[in-house]
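Student: There's a structure below that I have some questions on.
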Amino acid sequence: MAILVDRKTKVVVQGITGRDGSFHALQMKKYGTKVVSGVTPGKGGQSVDGIPVFDTVEQAVKETKANTSVIYVPPVFATDAIYEAIDAGVKLIVCVTEGLPTTDVLTIYNYLKIKGVRMVGPNCPGVISPGLSKVGIMPGQIHKKGNVGVVSRSGTLTYEVVWHLTLKGLGQSTCLGIGGDPIIGTNFIDCLELFEADPQTEAIVLIGEIGGTDEEEAAVYIKKHVSKPVVAFVAGRTAPPGKRMGHAGAIISGGSGTAEEKIRAFNRVGIPVAELPAQVADLVAEKLKGGRKRRK
Amino acid sequence: MKIHEYQAKEIFRKYGMPVPPGKVATKPEQARKIAEEIGTPVMVKAQVHVGGRGKAGGIKYAKDPEEVYKVANQILGMDIKGLKVKKVLVTEACDIKSEAYIGVTVDRAKKMPVMMVSPAGGIDIEEVAAKTPEKIMKLHVDPFLGLQPFQAKKLAYFVYKDPKIVRGAMKIILALYKAFWEAEASLAEINPLVVTGDGEVWAIDAKINIDDSGLFRNPYIEKMRDLSAEDPSETKAKDADLSFVKLDGNIGCIVNGAGLAMATMDLVKHFGAEPANFLDIGGSSSPEKVLNAMKIVLRDKKVKAILINIFGGITRCDDVANGIVQAVKSLKPKVPIVVRLTGTNEEIARKILEEIDLTATTNMEEVVKRAIELAEAA
């Protein structure tokens with residue numbers, strides 16, 4: 001099962017002839033993802049490692065039946081690329097590009113809702129369902145098929161946590177980075193809902209960080225709607241207020257969005273929060289011991 | 001990006017908002033001249049990227065040019081929350097009858113811009129929100145439609161009763177939203193918005209924070225960046241396309257990815273030490289980026305050990321290793337360096353590091369503990 005991406009996922013790579021796009025198109029293909037086409041305006045008719053390139057997403061979808069788009073185009077063109085993908089009828093968009101203006105993402109987000117299209121990102125590593133499909137930039141080899149769902153606002157920190165899970169023999173159903181921007185297409189709650197409904201997923205790891213209130217809202221949602229065990233980690237306990245910590249969304253503003261608040265919110269609803277990234281795997285192992293235990 | 005009040009007021013004027021005349025000065029004589037030009041009394045206001053200027057004594061009233069000279073002389077060079085005042089705005093003093101607040105920001109949870117108004121102006125809006133939330137009206141704006149006049153009317157009537165004042169406030173509210181949206185701001189506020197004795201509405205203060213990602217659309221705003229108001233290491237990092245935040249500890253951190261970089265700092269603290277900085281070398285990092293990162297971290301003389309933590313994905317460990325070798329050879333750092341490498345091309349990277357007798361571990365906790373030991377021994 002897994003969530004969002006699987007064997008049925010057929011990917012069109014927007015920006016396939018660029019440096020990142022061509023590299024990752026090949027990496028995805030090697031992993032076993034069905035990369036069916038690519039798009040770069042003006043380069044239609046060419047091919048990248050055997051993947052046909054089209055001028056428009058519409059042509060790519062029509063000719064290759066792509067149902068998922070992954071976007072590697074530079075930020076200045078990314079907004080238009082997203083609208084083009086929505087218009088072409090793909091059902092899932094993974095936007096890897098970092099640096100989209102917030103006003104653009106606000107408009108995109110509200111348009112996605114109208115059109116019923118899901119977007120993961122922007123500014124994210126993408127989605128991987130180990131052994132089935134990888135759409136994004138994460139290193140495939142650190143993952144292992146299994147029953148832990150992982151959702152995170154970060155990239156490399158997710159790899160760190162996933163790697164420890166894998167070393168401990170805890171495979172993953174799906175791992176996704178939802179992005180480090182203040183406004184993102186898919187948030188924690190969306191993923192929790194999908195993981196809860198996914199029969200393959202038996203435990204959920206949630207990796208948050210400072211900024212915004214997504215973690216607090218997720219905690220409330222888990223209490224009400226999630227029966228599967230959840231383990232959390234929150235990065236940025238030492239982050240100073242008012243400073244943007246790399247991610248545009250990772251900022252403590254007006255005293256709100258601190259790691260302490262988020263940890264407290266999780267603890268309040270009985271979700272253990274790991275002190276160190278490596279501890280996440282231990283906590284998950286504990287939760288899964290003796291089979292799946294419902295929290296209520 | 002933060003901009004100064006006088007720059008925010010330039011943007012306000014561009015959108016037709018009533019802002020009292022004023023000019024910026026870097027010297028007391030210049031401040032006096034401006035006051036003679038625009039007429040007294042005036043306000044002399046410190047231009048620094050921080051709130052609470054008034055309380056810190058950075059905003060003063062002056063009744064004549066001589067007093068302007070005197071207060072400008074006091075304010076220039078003053079230290080406000082660790083920032084040195086290098087410029088003052090000399091601006092016409094208004095006859096204030098009432099003070100209100102209007103602002104617009106992004107509601108991250110609702111994913112919409114949100115307008116906020118309050119009749120309790122002139123004080124910290126977060127304080128108003130915490131103590132008397134009933135004194136604030138919040139109104140979400142559909143990003144497709146933008147702020148509509150009926151909404152501006154609703155907001156204006158929450159604060160004012162007199163129809164003439166409501167009309168003036170509506171114009172400002174609509175213009176503020178437009179400026180916020182088009183300037184690609186993350187926050188735009190007027191605190192206070194004032195009504196004068198003769199019933200006019202003026203924006204006597206202005207604050208705009210700009211979303212860095214939107215700067216490419218507004219080159220005129222990009223030119224407002226005040227390098228002298230930024231930490232020089234942070235400016236250098238920005239120019240080298242690195243994310244860097246200066247902190248107070250002695251463990252210099254170089255990490256790929258913002259989340260992992262924060263987790264690394266947290267780990268340093270967890271094991272009893274303090275990180276000297278946050279530094280994310282970003283995704284596809286070249287050896288040059290690592291070299292630049294080392295330069296920036298080494299500028300800080302408090303640093304007693306450098307901790308490099310890389311989880312290779314798009315970042316290739318061999319690129320990082322080459323960068324470390326280059327940095328060690330050219331910068332000859334006197335502080336110990338410890339390295340953790342996992343992921344893409346880590347084996348090749350290990351071989352590269354052997355050249356300079358560095359052994360990279362694969363474990364993040366181990367490398368953090370080692371860095372702390374070495375820093376303590378130094």
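What follows draws every value from the coordinates through simple rules; no lab data is involved. Treat the numbers as computed from the prediction; the structure is a model and nothing was measured. Neighbour counts run over all protein chains shown; Cβ positions are idealised from the backbone, glycine included.
Student: Please report, in debye to the nearest 20, how large the charge dipole of region B:206-271 is about its Cα centre when each Lys and Arg carries +1 at its beta carbon and each Asp and Glu carries -1 there. Could you put the intermediate results ahead of the total?
Tutor: Values: 8 positive and 11 negative charges, 16 e Å.
In debye, rounded to 20, region B:206-271 gives about 80.
Student: Give me B:Y61, A:Y83, B:Y160 ranked fewest to most by other Cβ atoms within 10 Å of their Cβ, as a rough exposure proxy. All intermediate terms of the calculation are to be shown ahead of the outcome.
Tutor: Values: B:Y61 13, A:Y83 17, B:Y160 22.
Final ranking by Cβ density, sparse to dense: B:Y61, A:Y83, B:Y160.
Student: Turning to a different aspect of this structure: Sort A:C175, B:C94 so the one with the fewest other Cβ atoms within 10 Å of its own Cβ comes first. Working shown, then result.
Tutor: Values: A:C175 29, B:C94 17.
Fewest-to-most ranking of A:C175, B:C94: B:C94, A:C175.
Student: In debye, nearest 20, what is the charge dipole magnitude of region B:68-155 about its Cα centre with +1 on Lys and Arg Cβ and -1 on Asp and Glu Cβ, if you could check? Could the numbers behind the result be given before it?
Tutor: Values: 14 positive and 10 negative charges, 45 e Å.
Using only the charged Cβ atoms, the result is roughly 220 debye.
Student: Can you list which of the DSSP-assigned H helices in chain B have a Cα extent of 27 Å or more along the long axis and an average Kyte-Doolittle score of at least -0.5? Please report the intermediate quantities before stating the final value.
Tutor: Values: long enough: B:163-182 (28 Å, 0.57).
Span-like helices in chain B: B:163-182.
Student: Right, here's the next one. Eight or more residues apart or on different chains, and alpha-carbon atoms under 13 Å: count the Lys pairs in region A:7-154 matching that.
Tutor: For region A:7-154, qualifying lysine pairs total 19.
Student: What shape does chain B have by the C-alpha gyration tensor, where a ≥ b ≥ c are the square roots of the eigenvalues, rounded means a/c under 1.5, and otherwise prolate means a/b greater than b/c and oblate the rest? Please report the intermediate quantities before stating the final value.
Tutor: Values: a/c = 2.81, a/b = 1.97, b/c = 1.43.
Cα axes put chain B in the prolate bin.
Student: Let me ask another. Of all DSSP beta bridges located in chain B, what percent are antiparallel, nearest 5?
Tutor: Values: 46 of 62 bridges.
Of those bridges, close to 75 percent are antiparallel.
Student: Can I ask one more? Counting Lys and Arg as +1 and Asp and Glu as -1, each charge on the Cβ, what is the dipole of the protein assembly as shown about the Cα centre in debye, to the nearest 20? Intermediate results must be reported in sequence, preceding the final value.
Tutor: Working: 90 positive and 79 negative charges, 189 e Å.
Dipole about the Cα centre, nearest 20: 900 debye.
Student: Between beta-carbons, use under 13 Å as the cut-off and find the net charge around B:L247, counting Lys and Arg +1, Asp and Glu -1. Before the final figure, lay out the partial values.
Tutor: Working: positive: A:R237, A:K243, B:K246, B:K269, B:K302; negative: B:D231, B:E234, B:D248, B:D266, B:E274, B:D300.
Local charge sum for B:L247: -1.
Student: With r as the distance between the Cβ atoms of A:N110 and B:K154 and R0 = 30 Å, compute the FRET efficiency 1/(1 + (r/R0)^6) and round to 0.05.
Tutor: On the way: r = 21 Å, r/R0 = 0.70.
In this case the efficiency is close to 0.90.
Student: Under the classification rounded if a/c is under 1.5, otherwise prolate if a/b is larger than b/c and oblate if not, where does region B:222-287 fall, given a ≥ b ≥ c as square roots of the Cα gyration tensor eigenvalues? Kindly include the intermediate steps, with their values, before the conclusion.
Tutor: On the way: a/c = 2.77, a/b = 1.51, b/c = 1.84.
In terms of gyration-tensor shape, oblate.
Student: Okay, next question. Rank the residues B:H4, B:H140, A:H247 as a footprinting-exposure proxy: fewest other Cβ atoms within 10 Å of their Cβ go first. Walk me through the intermediate numbers first.
Tutor: Details: B:H4 23, B:H140 13, A:H247 28.
So the ranking, lowest neighbour count to highest, is B:H140, B:H4, A:H247.
Student: Right, next: Compute from the Cα atoms of region B:145-214 the Rg and the Dmax, the latter being the longest Cα-Cα distance, and quote both in angstrom.
Tutor: Over region B:145-214's Cα set, Rg and Dmax evaluate to 12.8, 42 Å.
Student: Can I ask one more? Given the DSSP H assignment, sum -39500 (n - 2.57) over each helix run of at least 4 residues in chain B and divide by its residue total; what's the result at 222 nm in deg cm²/dmol, nearest 500? Display every interim value, and only then the final one.
Tutor: On the way: 13 runs with 146 residues, N = 378.
Helix-only estimate at 222 nm: -12000 deg cm²/dmol.
Student: Please work out the FRET efficiency for the pair B:M78 and B:D142, using the Cβ-Cβ distance as r and a Förster radius of 51 Å; give the result to the nearest 0.05. Spell out each step's value before the answer.
Tutor: Values: r = 44 Å, r/R0 = 0.86.
Calculated transfer efficiency: 0.70.
Student: Starting from the Cα of B:K223, move 7 Å in the Cα-to-Cβ direction to define the label point; list residues of region B:8-24 whose amide nitrogen is under 14 Å from there.
Tutor: B:10-11
Student: Taking a 21 Å limit on the Cα-Cα distance, which of the listed pairs B:K135/B:K161; B:K45/B:K81; B:K86/B:K289; B:K60/B:K164 fall beyond it?
Tutor: Numbers: B:K135/B:K161 15 Å; B:K45/B:K81 15 Å; B:K86/B:K289 32 Å; B:K60/B:K164 30 Å.
Distance filter (> 21 Å) returns B:K86/B:K289; B:K60/B:K164.
Student: Answer rounded, prolate or oblate for region B:328-378, using the Cα gyration tensor with square roots of eigenvalues a ≥ b ≥ c: rounded when a/c is under 1.5, else prolate when a/b is larger than b/c, else oblate.
Tutor: Working: a/c = 2.86, a/b = 1.20, b/c = 2.38.
Taking the square roots of the gyration eigenvalues as a ≥ b ≥ c, region B:328-378 is oblate.
Student: Okay, moving on. If I take R0 = 51 Å and measure r between the Cβ atoms of B:N363 and A:K224 in this structure, what FRET efficiency does the formula 1/(1 + (r/R0)^6) give, to the nearest 0.05?
Tutor: Details: r = 38 Å, r/R0 = 0.75.
Calculated transfer efficiency: 0.85.
Student: Quick check: the distance between the Cα centres of region B:112-127 and region B:296-359, to the nearest angstrom?
Tutor: Cα centroid to Cα centroid, the span is 48 Å.
Student: Now for a different question. Could you please state, rounded to a whole Å, how far the C-alpha centre of region A:17-90 is from the C-alpha centre of region B:230-288?
Tutor: 34
Student: Now a separate question. Within a Cβ distance under 10 Å of B:I210, other residues only, what is the Lys/Arg minus Asp/Glu net charge?
Tutor: On the way: positive: B:K2, B:R225; negative: B:E184, B:D211, B:D212, B:E222.
In short, -2.
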